[in-house]
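Participant: My questions all concern the structure below.
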Amino acid sequence: AAFLSQQLPYSPCRKYAAISSSEQRQSYKNDFNAEYSEYRDLHARIERITRRFTQLDAKLKQLLQGTEEYKVE
């Protein structure tokens, strides 16, 4: 089992054991709250970038390949 755990990708389940006390629950909650804001920021950033790539892809599909405008865009 130790060999398998070394090859598996990161999993939050390995970082956090089952909750066995109210202090441990609060600690996990604090960790979540501390990292959730960063997660939301990164998620929003990825959404903006994805939307931009989608727009560029749609624009590129409208241009004729080989034209100057195609090369510039």
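The values are calculated or read from the model by the stated rules, or taken from the named source; none is laboratory data. This one's a predicted model, so the numbers in the text were calculated from it and none came from an experiment. Counting neighbours? That spans all protein chains shown, and the Cβs are built from the backbone with ideal geometry, glycine included.
Participant: Looking at the structure I just gave you, is L42 touching an Asp or Glu at 6+ places or on another chain (Cβ under 8 Å) and without any contact (Cβ under 8 Å) to a residue 40 or more places away in the chain?
Facilitator: no
Participant: Let me ask something else about it. Could you check how many residues of region 1-11 are modelled with pLDDT of 65 or more and part of a helix (DSSP H, G or I)?
Facilitator: Qualifying residue count for the region: 0.
Condition check ((1) among the acidic types (D, E); (2) surrounded by 10 or more Cβ atoms within 10 Å (Cβ to Cβ); (3) outside any helix (DSSP H, G or I); (4) at pLDDT 90 or above) across all residues:
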site	(1), (2), (3), (4)
A34	no, no, no, yes
Y39	no, yes, no, yes
L42	no, yes, no, yes
E47	yes, yes, no, yes
Q55	no, yes, no, yes
K59	no, yes, no, no
G66	no, no, yes, no
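Residues checked against (1) surrounded by 10 or more Cβ atoms within 10 Å (Cβ to Cβ); (2) modelled with pLDDT of 90 or more; (3) polar (S, T, N, Q):
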| residue | (1), (2), (3) |
| --- | --- |
| Y16 | yes, no, no |
| S21 | no, yes, yes |
| Q24 | yes, yes, yes |
| N30 | yes, yes, yes |
